[in-house]
Each structure stands twice: as C-alpha cells, then as structure tokens.
Amino acid sequence: MSGIAFLALAVIFSSGVAMTMKVANAKGFKLGQFLAVNYLVCMLGLLAWGVWRPPGLDSPFVWLLGIFVGFMYVLSLWLFDRAIASAGLALSTTLMRLSAALPTLGSLMLFSEQANQYQILGLFLAFFCLPLASKEPLHFGKAGKAAWKGMIWGLLLFAVYGVTDFTFKVQAELAPLADTNGFMVIIFGTALILTGSQLFKGPRPSKPCLFWGVVLGTTNILATYFWIHALAHLPGSVAFPTLGLGVIVLTTMASLLIWRERLRLANYAFLALAGGAVCLINLG
C-alpha cells in the first residue's frame, strides 16, 4: 500500500474518532462507561498487534510521561465531549487540530528550535482566529454568559490537547530510545485504569453504548496504525498538514450535512484561518 493510501486512511479514521464522539454526545451515553469501552478495545488492539508488554522502558521518567499522557487523553476526550455539546463538532474538532500551535511554540521556547517564516505566520493565525471559534458572538455581561461558557470549553480543549501533543515532543527529545509501542501500552493502560471502574458503577452500559464504544476504540487503533505507516512513507511536511486539514474538512462536512449544525460567518472564517494555520505550522 502506498504512503498516500495510508495517509488517506489515517484521515478517514481520525475523522471517525471525532464523529463517533459526536454520536455518543448526541445519544447521551454515560461518558465514563463509553470511554472505558473505548480504552479496553484499544488495549485489546495493542495485544492483537503483538504489544503484550512494554519492552525497553526502564526509565521512571518515561513511565511518568506515559501516565501523564494517559490522564491527558481521558481529560481531552472529556473536554471534547463538553465542547461538542456547547459548540458542535466542526468547531471543536478544528480547535483540537489547531492546538498544534502549542507544541510548536513550546519547541521554540524550551528546545531552542528555529521557526521559519511560515511557522511564525501560522502561529500568529492560530491565536488570532481563536475568538472567531465562538458559537455565538462574544459579549460581556449576562447577555454573553452562554457564549463565553461555550468558548471556555473550546479553549480548555485547545490547551489540554496541545499540552498532550507537546508531551510526545518532550519524550522524543529527552527519552528518544523509549520503545514506541511500549509507550502506547503505558498511555492506554493508564487511560483504562482511570475509566475502567465506570463499567461497574450504576446501571450496566447499554448495548448502543457498548457498540459505539467499540467503534471508537477500533477507529482509535486504526487511526494510529495508518498514521504510523503514513509517516514511515511520507515526509512530515506533507503528512502533518494533510492530516490536520483533511480531518477539519471531513468533520465540518459531516457536522453540516449529517447533524445540520449551523455556523456563523465568523465561524466559517475561523475554519478557513485555522486550516491555513495548521498547514503553515507544519511546514517546518
């Protein structure tokens, strides 16, 4: 299979993760149970992949990073659920992809990397367009309370997802010899431990919750699998912006055509500017 095919499948399944979260939000599943099923499937997928133990991970620092990322994965999906409820799928997913600005900025500040003119422009656009992501016009006072509430969920998602991505940069810089598959075991294992108890609290998960939880876990694993193979065949300058832009386009189309979400003119401007920012940031 060619690199382009792997990348196309990575875009499709990464978009599937976001769309499945939208389904769960619309159906009102108990989020803890839904996420627990997802992470159980992810762990089973890793076992099927042959990753049955974390080899080469004898560093406490790497374990701490993996546990931290596992916690942040759960927090990110919880915030994503809240953001979808407040702002819809298109804007929430775009904020997640736009958070690529934060690891880029962190790399410039903490690892003394040099940014080119495209990345600088992309960072400027990323932060400039954030106010346009509000579902309703932002006003101060009681009249704008609902709009600010929705915006805060989106900004928290932007921040947490960006910090999570930056942690992978920290691992690559400070612990480059850590086994990638083993690191994934720690991450997903931590996430399963954090959410697994929800399966035994209160009423049992409904069949639709179990079904869509399995769908989420399957799309998660497949998105990761195809993304790893896409990066093995294509340069990052092609793969990263294509993935980001592709997910933004597919989820926006789904939100408009399937869930009939309504966007303001300012929101369309945000989507366009965010897509451009994601492309520019990854042209390093």
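With coordinates expressed along the principal axes, the C-alpha atoms belonging to the chain extend over 52, 52, 38 Å, beginning with the largest.
Taking only protein heavy atoms and a 1.4 Å probe, what accessible area per residue, in Å², does the stretch 244-284 have with all protein chains in place? The partial results should precede the final answer.
Details: 1930 Å² over 41 residues.
Normalised by residue count, the accessible surface of the stretch 244-284 is 47 Å².
Taking 47, 75, 210 as the candidate residues, the one with maximal mean-square fluctuation in a Gaussian network model of the chain, Cα springs under 10 Å, is 47.
Taking N as the residue count of the stretch 126-269, its C-alpha radius of gyration divided by 2.2 N^0.38 Å amounts to 1.32.
Here the Karplus relation 6.51 cos²θ - 1.76 cosθ + 1.60, evaluated at θ = phi - 60°, turns the backbone of the stretch 161-176 into coupling constants of 5, x, 5, 4, 4, 5, 4, 5, 5, 4, 4, 5, 7, 9, 9, x Hz, with x for every Gly and Pro. Across the stretch 252-268, coupling constants 3J(HN,Hα) worked out from phi with the 6.51/-1.76/1.60 Karplus curve, θ = phi - 60°, read 5, 4, 5, 5, 7, 8, 8, 9, 6, 5, 9, 10, 7, 4, 5, 5, 5 Hz, and Gly and Pro carry x.
Using the structure shown, select from 135/201; 22/169; 27/169; 169/207; 30/135; 30/169 the pairs with a Cα to Cα distance greater than 31 angstrom.
Numbers: 135/201 34 Å; 22/169 29 Å; 27/169 36 Å; 169/207 38 Å; 30/135 25 Å; 30/169 33 Å.
Over 31 Å apart, Cα to Cα: 135/201; 27/169; 169/207; 30/169.
Per-residue 3J(HN,Hα) values for the stretch 87-99, derived from phi via the Karplus relation 6.51 cos²θ - 1.76 cosθ + 1.60 with θ = phi - 60°, read 10, x, 6, 4, 5, 5, 5, 5, 4, 4, 6, 5, 5 Hz in sequence order (x marks Gly and Pro).
Stretching residue 27 away from residue 116 to a fully extended chain increases their span by 27.6 nm, per 0.36 nm per residue minus the current alpha-carbon distance.
Using the heavy atoms of the protein chains alone and a 1.4 angstrom probe, what is the accessible area of the stretch 13-142 per residue in square angstrom? Show your work: numbers first, answer last.
On the way: 6010 Å² over 130 residues.
On a per-residue basis, 46 Å².
Note on residue 237/residue 159: beta-carbon distance plugged into 1/(1 + (r/R0)^6) with R0 of 25 Å gives a FRET efficiency of 0.45.
Per atom type, the chain shows carbon and sulfur on 70% of its accessible surface, probed at 1.4 Å. Taking 122, 236, 196 as the candidate residues, the one with maximal mean-square fluctuation in a Gaussian network model of the chain, Cα springs under 10 Å, is 236.
Working from Cα pairs under 8 Å separated by at least six residues, relative contact order for the chain is 44 percent. Pairwise inverse Cα distances across the stretch 33-114, averaged and inverted, put the Kirkwood hydrodynamic radius at 15.6 Å.
How many percent of Cα pairs in the stretch 203-263 exceed 17 Å?
Details: 1113 of 1830 pairs.
That tail contains 61 percent of the Cα-Cα pairs.
Rg and Dmax, both from the Cα atoms of the stretch 63-205 and both in Å, are 17.6, 55.
The values are calculated or read from the model by the stated rules, or taken from the named source; none is laboratory data. Since the model is a prediction, treat every value here as computed from it, not as a measurement. Don't worry about glycine lacking a Cβ; one is built from the backbone with ideal geometry, like all the others, and counts go over all protein chains shown. When the accessible area is computed, the model is the full protein with side chains, heavy atoms only, and any ligands, DNA or RNA have been set aside. Shrake-Rupley method; radii C 1.70, N 1.55, O 1.52, S 1.80 Å.
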